[in-house]
């Protein structure tokens, strides 16, 4: 302390004795380097500077800057499969252009339905549109069907396979003749139109299921609720009922997080008149540390009834009017690649059991039998497999379906595109093993499925159609010269012109109204046949670049 006071006193004296810069006491000018003026007397050595105060101890390491909030899209992708959907690769909708008052506005431009649907799911997750604006319970009751060009009712007379004159005339039932006309009434190639028609129900049900599940996330966020931590469940039943959906009551709506999964469950009832029909949805989503790598499955059941307008699931096998539609989607995403398996079937009755197998997909082996298994699937079972690029939808597709539990063969489409633009490609239609044993391949063709003298022996042929997208018309064109689809509905697929056989080639409902409908003219099929006779039909199709997709949990033949 004494040393510091002494230094302070010396410094004060030096300041007090220093000269100022007034005119009466001017400071000497600093000479230039060439000046002859002698250097002034040097100043005495200055006193040493006082010792500086020691620096204070540094603060402990400061808190690091907080991590920036993660990207909202990435956050959502960690809890919900944002890019999941099931649609036909050909299906197109008007392009969504932003949001206005909670609704999507549209233009006349079209985009693949896959993109339009996932955009809508994303809008719900972000809270840009609400479940009250978009929920439509009728979407669960949309069913697949046949395009007008596929398997129309075809009249015939003088059928050469008939065992007696009494059975030689009649009509062939709908759905059994395959690609009968080159184009549908929409202008689309028949293979394209039929794929769209078959998947219309699954697309509608999947879209509404995912929209409804996504709305739970949005409802919780809008309410200020945090999504559940690991080991806990968030009940949003009240919030879902607050949306005020007409004729629908939610009895359970919950989100649960486990150590590795996100679990979503919804149970709702739909009132039609004085009756109530149950709909259930559940999804198990398994994310990873990468928001673009995940897997999981979605399941749903929908009760309906034949004879009640708007909620019918058709079919002639079930002995009851009450039916239950069951659906499932198993999915795997890795970057831009999505692989999925969609299953759908109509079961006999309500309160059905054994709907899903141990892999949590609709059980294809749960086959209806009026005595031994009265609540099994009885009508319209289908399996859709797809392996495709999420940015373009280019990939491999196969759709297998069977109209009833008693059929011995499934019907199969194998579809392939020539490049990522989806501008063109080809489709093959034919028959395969029964759906409970299908591997997604076409085994051959059957030309007389349900006519007189019907024979289900497969011939080594398929119906092949080339398709090409017309951007002006927004349709996939298909013409006669680009297709191998014509045949006579006989066991041999041909007619020799030596009898009295007529059949409705143009499906007009009138026999003999065009020149080709002449019993004296021979009719030779132009079905596609492998050029290499050593190849099976599946091998020959694969050689053309159409691969049956490898799907999550495998085809039934692999179970």
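Readers should treat all values here as calculations from the given coordinates under stated rules, not as data from a laboratory. Model, not experiment: these values are computed from the prediction. For neighbour counting, all protein chains shown are included, and Cβ atoms are generated from backbone atoms with ideal geometry for every residue, glycine included.
Structure notes:
- Neighbour-count order for 145, 481, fewest beta carbons within 10 angstrom listed first: 481, 145
- A simple spin-label model places pseudo-atoms 7 Å from Cα toward Cβ; at residue 306 and residue 164 they are separated by 2.9 nm.
- Each residue, residue 229 and residue 289, gets one label point 7 Å from its Cα in the Cβ direction; the gap between the two is 2.3 nm.
- Prolate/oblate/rounded label for region 229-275 (Cα gyration tensor, a/c 1.5): prolate
- Listed by Cβ neighbour count within 10 Å, with the fewest neighbours leading, 493, 190 appear as 493, 190.
- Extension gain, residue 371-residue 128: 0.36 nm per intervening residue step, less the Cα-Cα distance, totals 82.4 nm.
- Here the residues 377, 555, ranked from fewest to most Cβ neighbours within 10 Å of their Cβ, fall in the order 555, 377.
- For region 248-268, the residues whose backbone nitrogen is under 18 Å from a point 7 Å from the Cα of residue 136, taken along Cα to Cβ, are 248.
- Label-to-label distance, residue 153 versus residue 394, with points set 7 angstrom from Cα along the beta-carbon direction: 4.4 nm.
- Multiplying the residue separation of residue 534 and residue 558 by 0.36 nm and removing their Cα-Cα distance gives an extension gain of 6.1 nm.
- Relative contact order (%) - criterion: Cα under 8 Å, at least six apart; region: region 320-414: 24 percent
- Considering only Cα atoms, the convex hull volume of region 285-340 works out to 103 Å³ per residue.
- Here's the picture: a label point sits 7 Å out from the Cα of residue 278 along the beta-carbon direction, and within region 357-381 the residues with their amide nitrogen under 19 Å of it are 357, 360-363, 374-378.
- Based on Cα contacts under 8 Å between residues 6+ apart, region 138-213 shows a relative contact order of 42 percent.
- Taking region 465-559 and dividing mean pair separation by its residue count, relative contact order in percent (alpha carbons under 8 Å, at least six apart): 21 percent
- When the Cα gyration tensor is reduced to axis lengths a ≥ b ≥ c, the ratio a/c is 1.5 or higher for region 435-553, and with a/b not above b/c it is classed as oblate.
- If you sort the three axes of the alpha carbon gyration tensor as a ≥ b ≥ c, you get a/c of 1.5 or more for region 394-494 and a/b no higher than b/c, which makes it oblate.
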